[in-house]
Amino acid sequence: MRKIQSVIKGVRGAPDILPADVGRWQRVEVATRRILENYGYQEIRTPIFERTQLFVRGIGEGTDIVEKQMYTFEDKGHESLTLRPEGTAPVVRAYLEHRLFTRGDLCKVYYTGPMFRHERPQAGRFRQFHQIGAEALGLGDAALDAEMLDLLSHLFDTLGIDGWHLRLNSIGDDACRPVFLERFTRYMRGKRERLCPDCRVRLARNPLRILDCKVEGCRRLVARAPNPLESLCEDCEAHFQRLQELLRLLKIDYSIDQRLVRGLDYYTRTTFEFINPALGAQNAIAGGGRYDLFVGEMGGPPTPGIGFAIGMERLLLSLPQEGAREAWVGVFAATLGPEAFQRGLRIVQDLRRQGLRAALDMEGRSLKSQMRLAHKERYRYVLILGDEELKAGVATVKDMAQGGQEQVPLQEVVNRLMSEEYQEGDRGEENRDA
Ligand code: HAM
C-alpha cells in the first residue's frame with residue numbers, strides 16, 4: 001500500500017486566496033484601478049525582489065521594517081536581495097533608473113501586488129500581504145496632497161466602507177525636523193528610565209519612532225512631550241495650513257494626530273493614515289505621506305513626491321457584506337448521450353468565442369443533476385439537448401432566473417442566445433465585474 005505522506009502546509013502568515021474569495025478581490029481591484037486612472041495615474045510594475053541596499057537606504061536603518069521584518073537572502077551569485085516590504089523605494093528606483101524625470105511632467109504611477117514583512121501574524125497582519133499603492137513625483141504643492149486624499153476618500157465611499165476616518169499630521173522637513181528632534185530628544189532623555197526597552201534604543205538611534213510606540217507608559221510620556229507641529233518652520237506650516245484649507249473646500253473630514261510619524265524614514269511634511277476603527281488593533285487601511293527629500297537622497301535630482309498604499313486584506317475586511325447573490329449569467333448546455341454532447345460542445349465553443357460565459361457537463365451526469373449544477377452556478381439559461389431534441393432539430397432553452405422555456409431550432413440557437421432579447425440584463429462577463 002502507498003504510504004500516506006503528511007500534507008505540506010503553506011507558510012504561516014501567507015494565506016491562499018481561494019476561488020470563492022477571488023471575485024471580491026477582483027471587484028475591488030477593478031474599482032480601484034478605474035478611480036486611479038480617472039485621477040491620472042498609470043500602472044507601473046516593478047519586480048518582487050530588489051537589492052537589499054535599496055530598502056536599507058530607502059526605508060531607513062533604524063526602522064522596524066529594515067531591522068526586523070525583511071525577507072533577505074543571498075542568491076546564487078552571492079548578491080543580497082530582499083523581497084519587497086513596500087512599493088515606494090522600488091518605484092523611486094525605477095523612476096531614477098529609467099530617467100522618468102526627464103519627461104518633465106508630474107509622474108503619477110500606481111502598483112498592485114504582494115509585499116513581504118516578517119511580522120507576527122494576527123488578524124489583519126500578514127507576512128505576505130497585498131497593497132495597491134500610488135506615487136506622484138515632481139510637485140511639492142499641497143494641492144497634490146489634497147487630490148490624493150480626495151482620491152482615497154472617493155474610493156472608500158465608492159466601495160461602501162463605513163466609518164473610515166482620515167488622520168493627518170505634518171512632520172516637517174530638513175529645516176525644522178532637527179529642531180523638533182533636538183527638543184524631543186532632550187525631553188525624552190530626562191525620562192529615559194520610564195521608556196520601554198525598545199524606545200531606549202530608539203532614543204539613541206531614531207527618536208522619531210518613539211512617537212508611535214504602542215506601550216502605554218511611552219504613550220503617556222509622548223502625550224506631554226514636544227510635538228512636531230509646534231516646531232514646524234514657516235514653509236512647512238504654510239503647506240500644512242493650505243492642505244487643510246483644501247480639505248475643507250473638498251469636504252473631506254480629518255483629524256490631526258500629532259503622533260502620526262509612520263514607520264518609514266523617507267517622509268517629510270504631510271503624513272496620513274485612513275483608519276477603520278471596526279478592524280481592531282490593525283485598523284489602518286491605508287497610509288502614506290510626502291517625501292520631498294527621498295529622490296535626492298537616492299541619488300536623483302531634487303524631486304518632491306507623495307504617495308500612499310492601501311492594505312488590500314484590511315480593505316476587504318472592511319467591505320460591507322455582499323447583499324444580493326451573483327447575477328444569473330450565461331448558458332449551461334445540459335446534454336444527454338454522445339451525439340448531443342458533441343453538438344453541445346460546439347455550441348458552447350461558439351458562445352464562449354462570442355464572449356459569453358458557457359459550460360457543459362463532462363462527467364455524464366443525469367439531466368436532473370445537470371440542472372441542479374446549472375442552478376448552483378447561476379447560469380441564466382439551460383440549453384437542453386437530448387435524443388428527442390436532436391431528432392426534431394431543436395433545443396429546449398430554459399430560463400433559470402425567470403422561469404419558462406421554449407424550443408429553438410438548433411441552427412439558430414447561438415444567434416438567439418446572443419440576441420438582445422436573451423441577453424437583456426445578462427451581459428456575460430461584463431456585468432460580473434461591475
Ligand atoms: P505602510 O503604512 O507600511 O506604508 O503600509 C500601507 C498599508 O499596508 C497599511 O496601512 C496596511 O493597510 C497595509 N499593511 C502594512 N503591513 C501589513 C501587514 N503586515 N499585513 C497586512 N497589511 C499590511 C507603506 O508601505 C508606504 N510604502 C506607503 C507609501 C507610499 N508612502 C508613500 N508612498
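The values are calculated or read from the model by the stated rules, or taken from the named source; none is laboratory data. Note that this is a predicted model, so its numbers are computed, not measured. Glycine gets a Cβ as well: all are built from the backbone with ideal geometry, and neighbour counts include every protein chain shown. Each accessible area value is taken on the protein alone, full model and side chains, heavy atoms only, with ligands, DNA and RNA left out. Shrake-Rupley method; radii C 1.70, N 1.55, O 1.52, S 1.80 Å.
Take the residues in the stretch 121-153 that are assigned to a loop (DSSP other than H, G, I, E, B) and within 9 Å of the ligand (Cβ to nearest atom), then tell me which one is surrounded by the most Cβ atoms within 10 Å (Cβ to Cβ).
Phe126
In the stretch 223-243, what residues are among the small types (Gly, Ala, Ser) and assigned to a helix (DSSP H, G or I)? Let's see the steps before the verdict.
Let us first name the residues in the stretch 223-243 that are among the small types (Gly, Ala, Ser), namely 223, 225, 231, 238.
If the condition is that a residue be among the small types (Gly, Ala, Ser) and assigned to a helix (DSSP H, G or I), then Ala223, Ser231, Ala238 are the ones that fit.
Looking at Gly40, Gly23, Gly60, Gly13, can you tell me which residue is open to solvent by less than 40 Å² (accessible area, probe 1.4 Å), on the phi > 0 side of the Ramachandran plot and either assigned by TED's automatic domain parsing to the domain that holds Ile132 or of a type in the set (A, V, I, L, M, F, W, C) (or both)? Explain how you work it out, then say what you get.
On the way: Gly40 fails: open to solvent by less than 40 Å² (accessible area, probe 1.4 Å); Gly23 fails: on the phi > 0 side of the Ramachandran plot; Gly13 fails: either assigned by TED's automatic domain parsing to the domain that holds Ile132 or of a type in the set (A, V, I, L, M, F, W, C) (or both).
Only one candidate qualifies: Gly60.
Mind checking whether some residue in the stretch 370-377 is farther than 14 Å from Phe332 by Cα and among the small types (Gly, Ala, Ser)?
No, because not a single residue in the stretch 370-377 is farther than 14 Å from Phe332 by Cα and among the small types (Gly, Ala, Ser).
Just a yes or no: is a residue in the stretch 210-231 under 28 Å from Leu317 (Cα atoms), in the same structural domain as Gln69 (by TED's automatic domain parsing) and either of a type outside the set (S, T, N, Q) or open to solvent by 60 Å² or more (accessible area, probe 1.4 Å) (or both)?
No, the stretch 210-231 has no match at all.
Restricting to the stretch 291-304, and then to whatever is open to solvent by less than 30 Å² (accessible area, probe 1.4 Å) and either closer than 16 Å to Gly60 by Cβ or in contact with a His (Cβ under 6 Å, 6 or more places away or on another chain) (or both), can you tell me which residue is farthest from the ligand (Cβ to nearest atom)?
Val295
When you scan the stretch 159-173, do you find a residue that is assigned to a loop (DSSP other than H, G, I, E, B), open to solvent by 40 Å² or more (accessible area, probe 1.4 Å) and at pLDDT below 95, even just one?
yes
Check Val109, Val56, Val66 and return the single one that is within 16 Å of the ligand (Cβ to nearest atom) and within 17 Å of the chain's Cα centre (by Cα). I'd like the intermediate steps shown before the answer.
Details: Val56 fails: within 17 Å of the chain's Cα centre (by Cα); Val66 fails: within 17 Å of the chain's Cα centre (by Cα).
Exactly one of Val109, Val56, Val66 is within 16 Å of the ligand (Cβ to nearest atom) and within 17 Å of the chain's Cα centre (by Cα), namely Val109.
Can you give me the number of residues within the stretch 80-119 that are within 16 Å of Ala134 (Cα to Cα), open to solvent by less than 50 Å² (accessible area, probe 1.4 Å) and basic (Lys, Arg)?
Counting residues in the stretch 80-119 that are within 16 Å of Ala134 (Cα to Cα), open to solvent by less than 50 Å² (accessible area, probe 1.4 Å) and basic (Lys, Arg) gives 2.
Need the failing condition index for Leu246 against (1) within 18 Å of Arg183 (Cα to Cα); (2) part of a helix (DSSP H, G or I), just the number.
Unmet for Leu246, out of (1) within 18 Å of Arg183 (Cα to Cα); (2) part of a helix (DSSP H, G or I): (1).
Out of all the residues in the stretch 72-95, which are of a type in the set (Asp, Glu) and touching a residue at least 24 places away in the same chain (Cβ under 8 Å)?
Correct list: Glu79, Glu86.
Could you tell me which of the residues Arg314, Arg352 is in contact with a strand residue (DSSP E or B) (Cβ under 6 Å, 6 or more places away or on another chain), in contact (Cβ under 8 Å) with a residue 60 or more places away in the chain and in a helix (DSSP H, G or I)?
Matching residue, one of Arg314, Arg352: Arg314.
Arg45: out of contact with any Asp or Glu (no Cβ under 9 Å at 6 or more places or on another chain), assigned to a helix (DSSP H, G or I) and either open to solvent by 70 Å² or more (accessible area, probe 1.4 Å) or not assigned by TED's automatic domain parsing to the domain that holds Arg117 (or both), yes or no?
No.
Residues being charged (D, E, K, R) and within 32 Å of the chain's Cα centre (by Cα): count how many of those fall in the stretch 222-251.
Count: 5.
Can you confirm whether Pro85 is touching a Lys or Arg at 6+ places or on another chain (Cβ under 7 Å), under 15 Å from Gly299 (Cα atoms), within 15 Å of the ligand (Cβ to nearest atom) and in the same structural domain as Leu36 (by TED's automatic domain parsing)?
No, not satisfied.
What are the residues in the stretch 264-275 that are more than 9 Å from the ligand (Cβ to nearest atom) and open to solvent by 10 Å² or more (accessible area, probe 1.4 Å), if any?
Asp265, Arg269
Which pairs do you get when a residue that is at positive phi, found in the stretch 108-135, comes within reach of a residue that is in a loop (DSSP other than H, G, I, E, B) and near the ligand (Cβ under 8 Å from one of its atoms), reach meaning Cβ atoms under 8 angstrom, with the pair 6+ apart or on two chains?
Gly113/Gly87; Gly124/Gln282
Being open to solvent by 10 Å² or more (accessible area, probe 1.4 Å), aliphatic (A, V, I, L, M) and near the ligand (Cβ under 9 Å from one of its atoms) narrows it down to one residue among Ala281, Ala309, Ala327; which is it?
Every option except Ala309 fails the conditions.
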